[in-house]
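Worksheet: one structure, shown below.
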Amino acid sequence: MAAQITPPSSSSSSLAFSSEFNVWKPMRCCFFKWVSQVCPRIRPSNHFRIKSSNGHPLNAISMQGGMDGSPLAKGINPEEQEEFFIDILDKEEALSTLSITVVGASGDLAKKKIFPALFALYYEDCLPKNFIVFGYARTKLTDEELRNIISTTLTCRIDKRENCKDKMEQFLKRCFYHSGEYNSEENFAELDSKLKKKEAGKLSNRLFYLSIPPNIFVDVVRCASMKASSANGWTRVIVEKPFGRDSESSAELTRCLKKYLTEDQIFRIDHYLGKELVENLSVLRFSNLIFEPLWSRNYIRNVQFIFSEDFGTEGRGGYFDNYGIIRDIMQNHLLQILALFAMETPVSLDAEDIRNEKVKVLRSMKPLELEDVIIGQYKGHNKGGRAYPGYTDDSTVPKNSITPTFAAAALFINNARWDGVPFLMKAGKALHRKRAEIRVQFRHVPGNLYKRNFGTDLDKATNELVLRVQPDEAIYLKINNKVPGLGMRLDRSDLNLLYRARYPTEIPDAYERLLLDAIAGERRLFTRSDELDAAWSLFTPLLKELEAKKIAPELYPYGSRGPVGAHYLAAKYNVRWGDLGGEDD
């Protein structure tokens, strides 16, 4: 018996049918009972259900049709509903196909991250039965040559199942290549012909991943939208950072992209938002009663966002010198994490509700001033009998470059929750270790009965919550406790959740999560244009002042903790950087 499903109105939410879709889907208000509640996240491909990272399936159908919970299809018993709707979804899947085109397929990002992420999704049965992957670049390659190149980067790292080799061969058979210029409509029309041939008349959904320099974004989008977009399904484009160099160039890039795409078709990717610990940040805060009441100026003394790499530009200096550490790391990765950390409780987990709250945070922040920023650049250093080159020793970097490879900044949010709390950022290359973490330092205990046991250094008595994003993902809370024995000696200890000990399974790469979300149309972890505008408005005045005044960065040795000025900046706000202790601090 056929189900009668009434199409929603044009004003429905994005999970209802929009102009991007030609297949009816239920409105969000009807999602009372999901097929996913009786299906695991990853199912065999013959019962494939795409689910985005917020848990909502892309192609789930509500078991009830209206607010009263009445069934969509009359005459079907509740026990029969699951099988009935799964059958509908299987038929829908059989009539559609997913085509993923990696533009810039011969580049390092595509080879090292994008193709391996797609294979990992295929390996775990997270891609639909009918999918193909096309590589597109100027390099002349055959299908077989592309397969040979990407086969060297594919691994079955999730587990060691015996079918790994078979899965690789099956995946590679779905990979094809087309060579063409990035600004040639004719070449993209040829790509479209190849895609249509593989799609074989099915409803086609197309995803383009732009793994290319930003100066050719618009050419590719123009050609793809005019000559290679889907005629009967959706078309989406993933855009890699950098999204401009300042407010003006970012706004111009957005304006040009929107000549050919709607905002809903543009997925601006920031892979740090796909990191497991960043994903867990809102879960930790909003689903644990002990944290949310403390999440304000009343209990938090300062928050630190720390990003450090233990290597330099390593031959990438030519690219890096055009942007510097502030544009490369702080304006996007760290600021996005800050917005997620500081936002108010969203109305729901819907992408727009979350992004609305992030924008409010960014608009509440005052633009950075020069007096609240320290910049540095690493210099050559001899250590352990080995010579480490300085930044300007890189052959791709101008000898007189003053581009910062390190920056520290103090930011403030002018709202009732965070008024007066310093949010400190620190990012740098060629530092003493590789680490990315969020550190929340709480206020001292008023009238602490045990303060004399800590001496004059009250920072040793500070409770601190640490979320280590990489490496060795972990969450730990520093607390004070008594050392066993007859005396009264206090010790600072960690309540530690080390992910590799608690969860022995491999953590998915951030690109896997973000690609899956883009396929599902889930935009929660992607940057909206007004977010981008608000972020650039905080940093553009500072960047222009640094460049206009040609402020020279403070030099620091390769492999050190960075310039001394960063410690003075923290001390200015009565803060000590939390990563100055031992390896596990």
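Details
- Based on the convex hull around the alpha carbon atoms, the stretch 487-529 presents an average projected area of 6.3 nm².
- Proximity of backbone amide H atoms, modeled 1.01 Å from N, is registered between GLY180 and ALA137, ARG138 at under 5 Å, excluding neighbours fewer than 5 places apart on the same chain.
- Ranked by how many other beta carbons lie within 10 Å on average, peptides 143-152, 495-504 from highest: 143-152, 495-504
- Extension gain for SER249-ASN215 works out to 11.2 nm (0.36 nm per residue, less the C-alpha to C-alpha distance).
- Probe 1.4 Å - accessible area at LEU172, Å² to nearest ten: 30 Å²
- Packing-based order for 293-303, 540-550, using average beta carbon neighbours within 10 Å, highest first: 293-303, 540-550
- Packing rank of 163-170, 203-210, 178-185, where each peptide gets the mean count of other beta carbons within 10 Å, highest leading: 203-210, 178-185, 163-170
- Computed over the stretch 206-315, the P(r) curve from all C-alpha pair distances, binned at 5 Å from the origin, holds 2, 9, 14, 15, 12, 12, 12, 11, 8, 4, 1, 0 percent per bin.
- Too-long pairs where the Cα-Cα distance tops 25 Å, listed order kept, from LYS241/LYS544; LYS112/LYS258; LYS275/LYS429: LYS112/LYS258
- Protein-only accessible surface at a 1.4 angstrom probe places the residues ASP491, ASP108, ASP353, ASP270 in the order ASP108, ASP491, ASP353, ASP270, largest first.
- Spin-label pair LEU370-ILE507: with each label point 7 Å from Cα along the Cα-Cβ axis, the two points sit 4.0 nm from one another.
- Net length gained if the chain between GLU352 and LYS198 were fully extended (0.36 nm per residue, minus Cα distance): 52.0 nm
- Here the accessible area of the stretch 122-226 is 48 percent carbon and sulfur, with a 1.4 angstrom probe and all protein chains present.
- Surface analysis of the stretch 89-240 yields an accessible area of 42 Å² per residue, using protein heavy atoms and a 1.4 Å probe.
- ASP321 contributes an accessible area of around 30 Å² to the protein surface, as traced by a 1.4 Å probe with all chains present.
- Probe 1.4 Å, all protein chains present, accessible-area order of ASP419, ASP579, largest first: ASP419, ASP579
- Sequence-distant residues sharing a close amide H with THR101 (under 5 Å, placed H): PHE134, LEU207, PHE208, TYR209
- Amide H contacts under 5 Å for ILE212: GLU240, restricted to partners 5 or more places along the chain or on a different chain, H placed in the peptide plane at 1.01 Å from N.
- q = 0.14, 0.22, 0.30 Å⁻¹: log10 I(q)/I(0) that the Debye formula gives for the stretch 537-576, counting C-alpha atoms only: -0.48, -0.91, -0.90
- Label-point separation, ASN148 to THR345 (7 Å along Cα→Cβ), nm: 5.9 nm
- Loop-resident GluC sites (Glu not before Pro) (DSSP state other than H, G, I, E or B) in the stretch 303-364 with no more than 14 further Cβ atoms inside 10 Å of their Cβ: GLU314, GLU344.
- Taken per residue, the accessible surface of the stretch 267-378 reaches 35 Å², heavy atoms only and a 1.4 Å probe.
- All Cα pairs of the stretch 89-240, percent lying beyond 28 Å: 16 percent
The values are calculated or read from the model by the stated rules, or taken from the named source; none is laboratory data. Keep in mind the model is a prediction, meaning the values are calculated, not measured. Virtual Cβ from ideal backbone geometry, glycine too; neighbours counted across all protein chains shown. The area values use the complete protein model at the heavy-atom level, side chains included, leaving out ligands, DNA and RNA. Shrake-Rupley method; radii C 1.70, N 1.55, O 1.52, S 1.80 Å.
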